[in-house]
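What follows is calculated from the coordinates using simple rules that are stated; it is not laboratory data. Owing to the predicted nature of the structure, the values given are computational and were not obtained by experimental measurement. Cβ: placed from backbone, ideal geometry, glycine included. Neighbour counts: every protein chain shown.
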Amino acid sequence: MSGDKKETPQRVRGRLLAATSAAAILVLGLGASALLPRPAMETKAVEQEQPVRLEQAVARNVPPHMLEAGAPFSFADLVERVSPAVVTVTVEQEINAAAGMNPQDIPEPFRDFFNQFGQQEGKPFNIPRKAVAMGSGFIIDKAGYIVTNNHVVESAKAIKVKLTDGREFDAKLIGADPATDVAVLKIRSDRSLPNVEFGDDRQVRVGDWVIAVGNPFGLSNTVTAGIVSSIGRNVGDGPYTSFIQIDAPINRGNSGGPTFDTRGRVIGMNSMIFSPSGGSVGIGFAIPASTVRDVVAQLKEHGRVTRGWLGVEVQAITPEMAASFGAKDIKGAIVANVVPGGPAQKAGFRQGDLVVAINGTPVEDSRDLTRRVGALPAGTTATFTVVREGTRQDLRAKVGVRKDQQVASNDAPDQPASIPGTTAEAMGLGLAAVTPDTRRSFNLGQDVSGVVITKVDPNSDAADKGIQPGDVVVSVANKPVRTPQEVKARVADAKAAGRSAVLVLVTGQNGQRFVALKISQT
C-alpha cells in the first residue's frame, strides 16, 4: 500500500476483504491445491497483513460489519489500558472441617479419637480450620475503593488485594449488600492506583462485544471475550437484580471481576455461571453496572444499603389478567395485598389496583416495580399511576424504609387438591358460602369472609393456576363476593362483556393473590 495515499474507510475495507479472500484460498489450498493454485505474491500479502486493533478500527470509523466479515482484529490496546485496575482478592476464612459429620458415620476404632474434641455423641462435629478463597475485583477510583462480589468476601477473617504490578495490600471491608451480591473494599497506597470507570449498561445490546478480566482458577488477569447473549435475565437471585447474560468464558475465581464494553468501560460485574461441571459452558451472568454503581454509592457513604418500601404485595400481570382488564398488551404489577398502616394504604392503594407507572415512567412487571421502589430513598414522595376499574389515576405515596423480612411479592402457588361437597359451580370450582360448618371443615379463621372453594376440577384452568380446596374467593372482577351466586353473577357479567378471563382474588395458605381464570368453562 502506497504511503502517500490517505487511509480511508473504503481502502481499509478493501484491504480487509482482500485479506479475507486470501485466507479462504489458503484454507481451501490444504485439500484442493490442484484446483486453486496459490500464487506466491498473494501468500506474501497475507503474511504481511497486520491485525487491526479494535480501538484503531473505532478511530478510523470502520463499520462493525467489516470486522464481522472475518478480518483479524485485536483487543490488546484495550486490555493493556484496563487490566492494571483488575485485582486478585484473597480471603482468609474459618470453616468447620467436619461440619455435618456424624459420629455414627465414623468407624468404631476412631470414634473415641474424634470425641476428644468435646462434641457430644450423635451431634455434628465442629472442627475449625483456616481456608483461603480467591476471587476478583476492580478499582473504581484512585482513593483505593474496590468493587467485588459479596459472596467472595462473605465471612472473611482477613482480605488481601494484589495488583498486576505485584503490589499487595490488606483490604478493609467498607460494606456489603447480600441482596445484590455487591461488596466494597478499601486499600491505602502511597503511590497512584489505576482505576476504571462505569459505563451505561442501558445502552448495551444483545450481540455487542464484551471482554471479561479476572482471576479464574487463580490465574490472575485472564482475559476472555465474547458477546452479550441476553439482557434482563431473571435467575431467581432476588428481586433487585436483572442480569446481563454473556458468553465470554468465565469460571471459578472470575467472581467480582469486571465485564468491559469495547471502549473499556465497566458495564457489568461477573457474578455467576450456569454449568453442570463448574467450568464455563458459555453461559455467564454479570450484575449490570447501573445496579453496582447505585449500591456502591450507598455502601461508600453509609456502609449499608437502605431500600424504599411501599407496603404492598404485588404480582406480575399475566396475559389472562390483562384480558380481565380489557387489554391484551397492558403491562404493570397488580396489587395483591395492601399492608395495614403502610405507605400504600395511607396513599389510597387498593387490592386489584394495577400499577402501570412510577413518576411517569412505565412499570414493566412486578420485579420492575419492586426494584424501582427499592431504589427510591426513604422519605421521598413518589407518584404511582394505577388502573382501577378501567380508569387511570395518580396516587402519591411517601416511601418508607424496607426491612429485610418484609415480603415484596406473592407469586408462588401450591399444588391443587380435591375435597368433595359443593353448593354451586363456576370456572371448574365447587363453591360454598362461609358458614360455621364450612369454617370447621376447612379450618377457616373467624375473620375470613367470602366464598370457600370446596372442589377443584383437575382439568380446569383453576387447577393449573394452583387454586385448591380451602382457598376462599374474596372478590371477582374487583368486587367483593359473599355467596356462590354472586360469584356466578360476576362471571356472567364478564362473559357478557366479551371477556375471556375474569380476575379473582383468593386467600389461603399462600396469603392473598390474584388469579385470572378463564370463563369459557362456565
Figure the gain on full extension for Gln93 and Ser189 (residue separation times 0.36 nm, minus the Cα-Cα span) and round it to one decimal in nm. 32.1 nm
I need the shape label for the range 238-324. Rule: rounded when a/c is under 1.5, else prolate if a/b > b/c, else oblate, with a, b, c from the alpha carbon gyration tensor. oblate
More than 19 angstrom separation, counting every C-alpha pair in the range 424-518; what % is that? 32
Shape category assigned to the range 171-290 from the gyration tensor of Cα positions, a/c cut at 1.5: rounded
Any chance you could run the full-extension gain for Lys346 through Thr164? It's 0.36 nm times the residue separation minus the Cα-Cα distance, nm to one decimal. 60.0 nm
In debye, nearest 20, what is the charge dipole magnitude of the range 424-518 about its Cα centre with +1 on Lys and Arg Cβ and -1 on Asp and Glu Cβ, if you could check? 180
Working out 0.36 nm times the residue gap between Asp493 and Ala378, then minus their Cα-Cα distance, what length gain in nm do you get to one decimal? 37.2 nm
One finds, for Ile283 and Arg263 with R0 = 30 angstrom and r their Cβ-Cβ distance, a FRET efficiency to the nearest 0.05 of 0.75
